[in-house]
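A.B. asks: Below is a structure I'd like to ask you about.
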Amino acid sequence: MTDLLAMTERAAQSPAKVMITGETGVGKDLIARYIHTQSNRRQAPFVAVNCAGLTETLLESELFGHVKGSFTGAYRDKRGKLQLAHRGTLFLDEVGEMSLRMQALLLRFLENGEIQAVGADQPQARVDVRVVVATNRNLHDMVAAREFREDLLHRLNVIHIQVPPLRERPEDVQVLLKHFLARAGKELTFTDEALRAFARYRWPGNVRELLNVVEQLVWLSTTGTVGIEQLPVSMQSGPGLMKPAVDRRREVADELYDALVRQGASFWEHVYPMFLARDITRHDLRELVRRGLRESRGRYKSLLTLFGMSSRDYRRFMNFLAAHECGVGFREFRGVLPSSDPAGEAPVYPVAKNFLPDFVEGPSRLQ
C-alpha cells in the first residue's frame, strides 16, 4: 500500500489518464479522489459518475447534457458532467458496464475534447477534463469477448493502478479496524479469539465489508467487549476460506430473499439502493429473482407481493430488470425447459423481449 500511494502521488502530478482496477470494496473511489486532491486541478470540481447505475440513454445525457425538447421530459437545456468537471477531474466508476455505443461516444470525446449534447446538431463546447476510470472487471477479457473496445482500453489505460484485495494485506486489517473505531468515536475491546477471526477471515467484500462489520459491532455491542460469538456467522466458523462465487451469490440472494419475504422489507427501499451503491451485483439480483420465480412458479406479477411492492410497480420493476440485464427466463419455473437449454441450467435472458412473455401488453413494452 505504501508503494501504491507513492505511485498515486506520481500519477497525480501527471495530466495522463488513470485506470484503477481492483475488486469491489477495495477503495478505488478513494484512490481517484486522492489523485484529484494531490493534483494541480484540486481547486476545480471532482465529478463522479457511476456508469453501472444508469441506463445507456440516461448515461449519455448525464455525461454530455441535453438540449430542450431532445426527449420526453427534457424541459430545459442541461449541462453534462463533462462540462461541470471543466478544468477538474471526471471519475467514471464501473466503466466496464458501459455499452459499446457509449464507449464509442466516450472515445470520440477523449480524442477531441468536444461535447455534443443529446439532441444537438453539432458540438457545443470543448472542455479540459482529466479522466480517471475504475472497474472491478478484467477489461482485457472483455476486449477478447468483444464486450469492450480495444481502442478505448488503450486510450484509458495510460497509468494503471491495481488496488490489492484486503486478503493480500492481512496486516492492514487491525490498522483499519482501529481507524474505523476511532472515526466512530467508540472504544471496543476484542478478545484474542475475535482478533484471530479478523486475521484469518478472507474478506471477500474487502475494506467495505470490514467497515460494515465495525459499524455493526459499534451499534450492537452493549458491554464494550467483543467476543467471537458477536461476530457475523461467516467469520466465526472454519478457516475463513472464500467460497466459490456461485455459493457466495446464493448466500447473498438467500439473505435478500429472507429480508423481503420473512422480514417484510421492500424491494425499492432495501434491494434497489444496495444495487445502485454496488453493494450487490447483477448476479446477486438475478439469483434473487430466480428465488422469487421459483416460489411464484414463473409469474413475474406475483413477485410484486412477494418482494413488498405495490401492484402499480409492475412496469417499473420490469423496466428496471431489463435496463440492467437482470431478467431471468420463466419457463423452467413452470415445469417446461426450452429445448435449446441444457437440463438443469437456468436460462438468463439479457434483453427484455425474452423474459417478458405475456405480461406487458401493447406497444408500451419495455423501451
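A.B. asks: Quick one: what are the phi-derived ³J(HN,Hα) couplings along region 4-13, Karplus 6.51/-1.76/1.60 with θ = phi - 60°, whole Hz, x for glycine and proline?
C.D. replies: So the J values, rounded to whole Hz, are 4, 5, 5, 5, 5, 5, 5, 5, 5, 7.
A.B. asks: Given the whole protein assembly as supplied and a 1.4 Å probe, what does the accessible area of Lys68 come to in Å², nearest 10?
C.D. replies: Answer for Lys68: close to 140 Å² accessible.
A.B. asks: So, by mean Cβ neighbours within 10 angstrom, what's the order for 119-127, 7-15 with the highest one leading?
C.D. replies: On the way: 119-127: 13.4, 7-15: 15.0.
Result, highest mean first: 7-15, 119-127.
A.B. asks: Measuring from a point 7 Å past the Cα of Thr189 along Cα-to-C-beta, which residues in region 196-223 have an amide N at less than 16 Å?
C.D. replies: 221-223
A.B. asks: Further, regarding this structure: Taking amide H atoms as placed 1.01 Å from N in the peptide plane, list the residues 5 or more away in sequence, or in a different chain, whose amide H sits under 5 Å from that of Phe190.
C.D. replies: Val226
A.B. asks: What's the extension gain from Leu220 to Gln174 if we count 0.36 nm per residue and subtract their Cα-Cα distance?
C.D. replies: Details: separation 46, 0.36 × 46 = 16.56 nm, distance 1.98 nm.
The span from Leu220 to Gln174 would gain 14.6 nm if fully extended.
A.B. asks: So what's the gap between the Cα centers of region 285-300 and region 24-97, to the nearest angstrom?
C.D. replies: 34
A.B. asks: Could you tell me which chymotrypsin sites (Phe, Trp or Tyr not before Pro) in region 1-77 are loop residues by DSSP with no more than 15 other beta carbons within 10 angstrom of their beta carbon? Walk me through the numbers before you get to the answer.
C.D. replies: Values: sites: Tyr34, Phe46, Phe64, Phe71, Tyr75; in loops: Phe71, Tyr75.
Those that pass, being in a loop and sparsely packed, are Phe71, Tyr75.
A.B. asks: Go through region 24-35 residue by residue and turn each phi into a ³J(HN,Hα) via Karplus (6.51, -1.76, 1.60, θ = phi - 60°); whole Hz please, and just put x for glycine and proline.
C.D. replies: Whole-Hz 3J(HN,Hα) from phi for region 24-35: 4, x, 7, x, 5, 5, 5, 4, 4, 5, 5, 4.
A.B. asks: Tell me what the chain gives for mean residue ellipticity at 222 nm when only DSSP H runs of n ≥ 4 count, each as -39,500 (n - 2.57), the sum divided by the residue total, rounded to 500 deg cm²/dmol.
C.D. replies: Details: 17 runs with 161 residues, N = 367.
About -12500 deg cm²/dmol.
A.B. asks: Which ³J(HN,Hα) values in Hz, rounded to whole numbers, follow from the phi angles of region 319-332 under the Karplus curve 6.51 cos²θ - 1.76 cosθ + 1.60, where θ = phi - 60° and Gly and Pro get x?
C.D. replies: So the Karplus estimates, Gly and Pro as x, are 4, 4, 5, 5, 4, 9, 6, 10, x, 10, x, 8, 4, 4 Hz.
A.B. asks: What does the charge count around Arg167 come to, taking other residues whose C-beta lies under 12 Å from its C-beta (Lys +1, Arg +1, Asp -1, Glu -1)? It would help to have the intermediate numbers written out before the result.
C.D. replies: Numbers: positive: Arg169, Arg200, Arg202; negative: Glu23, Glu168, Glu171, Asp172, Glu209.
Cβ neighbours under 12 Å give a net charge of -2.
A.B. asks: Please work out how much accessible surface Arg155 shows to a 1.4 Å probe, ignoring ligands, DNA and RNA, in Å² rounded to 10.
C.D. replies: Here the residue's solvent-accessible area equals roughly 90 Å².
A.B. asks: So if I average 1/r over every pair of distinct C-alpha atoms in the chain and take the inverse, what Kirkwood radius in Å does that give?
C.D. replies: Details: mean 1/r = 0.0432 Å⁻¹.
By the Kirkwood definition, the hydrodynamic radius is 23.1 Å.
The values are calculated or read from the model by the stated rules, or taken from the named source; none is laboratory data. All values derive from a computational prediction rather than experimental measurement. Backbone-built Cβ (ideal geometry, glycine too); neighbour counts: all protein chains shown. These accessible areas exclude ligands, DNA and RNA; they are computed on the full protein's heavy atoms, side chains included. Shrake-Rupley method; radii C 1.70, N 1.55, O 1.52, S 1.80 Å.
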